[in-house]
């Protein structure tokens, strides 16, 4: 039996580049979802997406024309960052549901505007943080909530690549359109494009946004006219005197990508999905000095060493660790996140906490960028208004 038309979720795609194309591929395999419209102002992207729908979907270069259509329930936005805020606000104003890729917006003020509008709207709003739908992260969070690591004392996250992030435009006029990630008018660079993922995880673990941030960034390798940093380093302060250390660079990929959550009882590496347990030392009881003096006076004290080792090399553990989730199939949560969005649109029920996830991660990434640009500590700017 075929699915009833009333059960179908009709979505429009806005922005169908590399990430948008991947999202569209997933949605076309999601039961009950119809790609009813495609939109991109770069003709090759639009043509490719339209062809993928066998030219059945409405195709346009103007996202406002897509929002005007009555046969579209919601949209998936995967455009350059500077367009996220205006597109999200226009979509909500048009009475449609929104799935927006991370990061939330290019400025903190726009993050507040979008979060406020999404919180007030009766329509579903979802941010593209697929780790929210990754079973490994949920299993790991359960371990943390039970105290299996002991108190979390530090998170260290990093994302290292060895790429220039540059596309060769067919004409010089398309340089900024195709290489938007390299220019501050359109992108926050490594902090928003990559760091927002791991900062989201950090906020999720602590169930709180960062209190403040310090950081440094520079362009010390890809000196090709780009305006964004090619390496960034930031420290975020959370309640309880706990820090998250984040760094990213694009000139070396040896360490790859990881989120290391550490406590006295062990470490969890969330991206690789492994746990490493430790046995913390017992608290040392101070020596009974009076008793020792008495033994010396009576001549009953045993031999005492004159010296002991004060330092041994502490190299990285070579333990293999144990899987956080056995028989993991390699699903990073992207497909599940889109299926969850479609189900929310179908039911009309908003996902709890989604706006907070979007706002906290978007602002945290921008706090780090601001700290680097202004070379000062940046404080949490407060919550959005409902």
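The values are calculated or read from the model by the stated rules, or taken from the named source; none is laboratory data. Quick caveat, the model's predicted, so the values are computed rather than measured. A quick note on method: Cβ atoms are made from the backbone with ideal geometry, for glycine too, and the neighbour counts reach across all protein chains shown.
Given the conditions (1) part of a loop (DSSP other than H, G, I, E, B); (2) buried (at least 18 other Cβ atoms within 10 Å of the Cβ); (3) touching a helix residue (DSSP H, G or I) at 6+ places or on another chain (Cβ under 7 Å), which single one is not true for residue 222?
With (1) part of a loop (DSSP other than H, G, I, E, B); (2) buried (at least 18 other Cβ atoms within 10 Å of the Cβ); (3) touching a helix residue (DSSP H, G or I) at 6+ places or on another chain (Cβ under 7 Å) applied to residue 222, the lone miss is (3).
Please work out which residue is surrounded by the most Cβ atoms within 10 Å (Cβ to Cβ), limiting yourself to segment 241-261 and to residues that are touching a residue at least 60 places away in the same chain (Cβ under 8 Å) and not in a strand (DSSP E or B). Before the answer, list the steps.
First, pick out the residues of segment 241-261 that are touching a residue at least 60 places away in the same chain (Cβ under 8 Å): 242-261.
Cutting the leftovers down to not in a strand (DSSP E or B) gives us 250, 252-256.
Details: 250: 24, 252: 11, 253: 13, 254: 6, 255: 11, 256: 11.
Result: 250.
The conditions are (1) touching a residue at least 24 places away in the same chain (Cβ under 8 Å); (2) under 25 Å from residue 353 (Cα atoms), and residue 145 fails exactly one of them. Which is it?
(1)
Looking at (1) touching a residue at least 24 places away in the same chain (Cβ under 8 Å); (2) in contact with a helix residue (DSSP H, G or I) (Cβ under 6 Å, 6 or more places away or on another chain), which is the only condition residue 162 fails?
Every listed condition holds for residue 162 apart from (2).
Could we say that residue 88 is under 20 Å from the mean Cα position of the chain (by Cα), buried (at least 21 other Cβ atoms within 10 Å of the Cβ) and without any contact (Cβ under 8 Å) to a residue 60 or more places away in the chain here?
On the way: under 20 Å from the mean Cα position of the chain (by Cα): yes; buried (at least 21 other Cβ atoms within 10 Å of the Cβ): yes; without any contact (Cβ under 8 Å) to a residue 60 or more places away in the chain: yes.
So residue 88 passes the test.
Please enumerate the residues belonging to segment 193-219 that are part of a loop (DSSP other than H, G, I, E, B) and touching a strand residue (DSSP E or B) at 6+ places or on another chain (Cβ under 7 Å). So that I can check it myself, show each step before the final result.
Just the residues of segment 193-219 that are part of a loop (DSSP other than H, G, I, E, B), to begin with: 207-211, 219.
208, 210, 211 - these are the residues of segment 193-219 that are part of a loop (DSSP other than H, G, I, E, B) and touching a strand residue (DSSP E or B) at 6+ places or on another chain (Cβ under 7 Å).
So, restricting to helices (runs of 4 or more DSSP H) that lie completely within segment 7-78, which ones have at least 3 residues that are under 16 Å from residue 128 (Cβ atoms) and at pLDDT 95 or above?
In segment 7-78, the matching helices (runs of 4 or more DSSP H) lie at 18-28.
Looking at segment 311-326, which of the residues that are assigned to a loop (DSSP other than H, G, I, E, B) and either within 24 Å of the chain's Cα centre (by Cα) or touching a residue at least 60 places away in the same chain (Cβ under 8 Å) (or both) is surrounded by the most Cβ atoms within 10 Å (Cβ to Cβ)? Before you say what the answer is, go through the steps one by one.
We begin by selecting, within segment 311-326, every residue assigned to a loop (DSSP other than H, G, I, E, B); these are 311-321, 324-326.
This time we only want the ones that are either within 24 Å of the chain's Cα centre (by Cα) or touching a residue at least 60 places away in the same chain (Cβ under 8 Å) (or both), so: 324-326.
Working: 324: 22, 325: 15, 326: 8.
That would be 324.
I want to confirm something. Restricting to segment 345-370 and keeping residues that are surrounded by fewer than 24 Cβ atoms within 10 Å (Cβ to Cβ) and touching a strand residue (DSSP E or B) at 6+ places or on another chain (Cβ under 7 Å), which single residue is farthest from residue 106 (Cα to Cα)?
Restricting to residues being surrounded by fewer than 24 Cβ atoms within 10 Å (Cβ to Cβ) and touching a strand residue (DSSP E or B) at 6+ places or on another chain (Cβ under 7 Å), the top hit is 346.
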